[in-house]
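Reading through the structure tokens given below for one structure.
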Amino acid sequence: MDFIDELTPSVSRTDVTNETGQTTCMTKTEKRRAPARDKKRLPGDVGRPVRAALDRKASDVVLLDLRNTPAFTDFFVLCSGQSTRQVKAIADAVEDALRATKVRPSHMEGYDRAEWILMDYFTFVMHVFTPQTRAFYSLERLWGDAERIEIADEE
């Protein structure tokens, strides 16, 4: 046992097998930080807003890749909040995360009612819905020819 291990409170460790078959002992935090070899990286600059939305517990996060369609943008990022308050919190988190990189939306609408907030960042458009509004407008069906990428919470 290391000197560090003696000073550290008991941390649950698990055996992890890497791609070469070697087994190592890792903590839960180390497993989270380990690179995921089989996960797809998010294309373009949509990773930061997706993470910001997930940090605010956005549900049903979907990325529509519109690059092979006659669309005015490359991607739509769609997500839902369970209430108008959560929809605003998600939009605020996305805006704050991108403002940190000196990126601001060229256009934003729907913030006052917060049933559907649209944030246009040129290369992608962020749509934050309440579940009822998302079902009513059904952008996934409307842009059915776009590649659909489901985003899991752990990404």
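Can you tell me which residue among Met119, Met108 is surrounded by fewer than 16 Cβ atoms within 10 Å (Cβ to Cβ), in contact with a strand residue (DSSP E or B) (Cβ under 6 Å, 6 or more places away or on another chain), at pLDDT 95 or above and of a type outside the set (Lys, Arg)?
Testing whether each residue is surrounded by fewer than 16 Cβ atoms within 10 Å (Cβ to Cβ), in contact with a strand residue (DSSP E or B) (Cβ under 6 Å, 6 or more places away or on another chain), at pLDDT 95 or above and of a type outside the set (Lys, Arg) leaves just Met108.
Just a yes or no: is a residue in segment 104-120 of a type outside the set (Val, Ile, Thr), under 17 Å from Glu147 (Cβ atoms) and not in a strand (DSSP E or B)?
no
The values are calculated or read from the model by the stated rules, or taken from the named source; none is laboratory data. Note that the structure is predicted; figures quoted are calculated from it, not measured. Backbone-built Cβ (ideal geometry, glycine too); neighbour counts: all protein chains shown.
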